[in-house]
1. With a ≥ b ≥ c the root eigenvalues of the C-alpha gyration tensor of the range 135-212, is it rounded (a/c under 1.5), prolate (a/b larger than b/c) or oblate?
2. What FRET efficiency do you get for Asn75 and Asn52 if R0 is 22 Å and r is their Cβ-Cβ distance, rounded to the nearest 0.05?
3. Over the range 2-209, with the other protein chains present, what is the accessible area per residue in square angstrom, probe 1.4 angstrom?
4. Between their Cα atoms, which of Lys1/Lys180; Lys46/Lys210; Lys39/Lys79; Lys56/Lys206; Lys56/Lys210 are more than 30 Å away from each other?
5. Pick from Arg185, Arg132, Arg92 the residue whose mean-square fluctuation is largest in a GNM of the chain, springs joining Cα atoms under 10 Å.
6. Share of antiparallel DSSP beta bridges in the chain, in percent to the nearest 5?
7. Each label point is 7 Å from the Cα along the Cα-to-Cβ direction; what then is the distance between the points at Thr61 and Ala129, in nm?
8. Loop sites only, by DSSP: take the GluC sites (Glu not before Pro) in the chain that have at most 12 other C-beta atoms within 10 Å and name the longest stretch containing none of them.
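The values are calculated or read from the model by the stated rules, or taken from the named source; none is laboratory data. Everything numeric in this text was worked out from a predicted model, so none of it was measured. Positions of Cβ are backbone-derived with ideal geometry, glycine not excepted, and every protein chain shown enters the neighbour counts. SASA here: full protein model, heavy atoms, side chains in, ligands and nucleic acids out. Shrake-Rupley method; radii C 1.70, N 1.55, O 1.52, S 1.80 Å.
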Amino acid sequence: KKVGVLISGTGTNLQALIDATTNPTRHIGAEIVLVISNKMDVEGLKRAERANIPTKVLRHTNYSTREEFDEAMHNELIKAGVDIVCLAGFMRILSGAFTRKWKGRLINIHPALLPLFKGTQAQKQAIEAGVRVTGCSVHFVEEDVDAGAIITQETVPIHVGETVPIHVGDTVEDLVERIKTAEHRAYPSALQLLATEQVKLGDNNKLIWKLK
Ligand SMILES: Nc1nc2ccc(CNc3ccc(C(=O)NCCCC(=O)O)cc3)cc2c(=O)[nH]1
């Protein structure tokens, strides 16, 4: 399956997908053929170039509406023959027209155990909620943000304890890094399930697993 990855920044999840799809000993049935960024000069573009993956920068400020920007992205993805789109730190909300066109072929990784802690700063929300376990979720992208069917989740413990006067508890940064380690495992495994058609999205927006 041909994969397009949408990024806005460093692209650490892009790197995990690059490593997984170029690993000679592990075939996940997916090849990244295009990386699109809505921002120029971000680390993620360098990661793609180092891996000889074609890149495009589509600046959303060059388009008058969200729909026109999304249409431009859609056209580049179609031109590249993309079958599956992965969001990797992509920070623009996608229009319903785009999510409908890519329904069942568009996934994202969220740094929390959905449906908990939707939106931005999910890691900070988890610490402030006082939960003892959080994690990450790979889900289908629907128009309703962070609400699509979940493909894979990984759990990550939150180190608790006083942060003053001695620092033993997790800061947000500590937790962000620990969740990233789980993300970099979860995303390639979810992509493999989708690319090898072991899982698909049903018409009722529920997951359908292919029984062996
Ligand atoms: N329609 C749809 N689109 C998405 C776009 C990105 C992400 C990635 N996670 C994201 C989830 C939320 C945001 C967010 O609230 N950003 C501030 C507003 C930015 C803007 O004005 O665009 C960004 C990325 C998920 C979704 C999704 O679940 N559904």
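1. prolate
2. After rounding to 0.05, the efficiency reads 0.45.
3. Normalised by residue count, the accessible surface of the range 2-209 is 49 Å².
4. Over 30 Å apart, Cα to Cα: Lys46/Lys210; Lys56/Lys206; Lys56/Lys210.
5. Arg132
6. 45
7. If labels sit at Thr61 and Ala129, their model points lie 3.5 nm apart.
8. Answer from the scan: 1-161.
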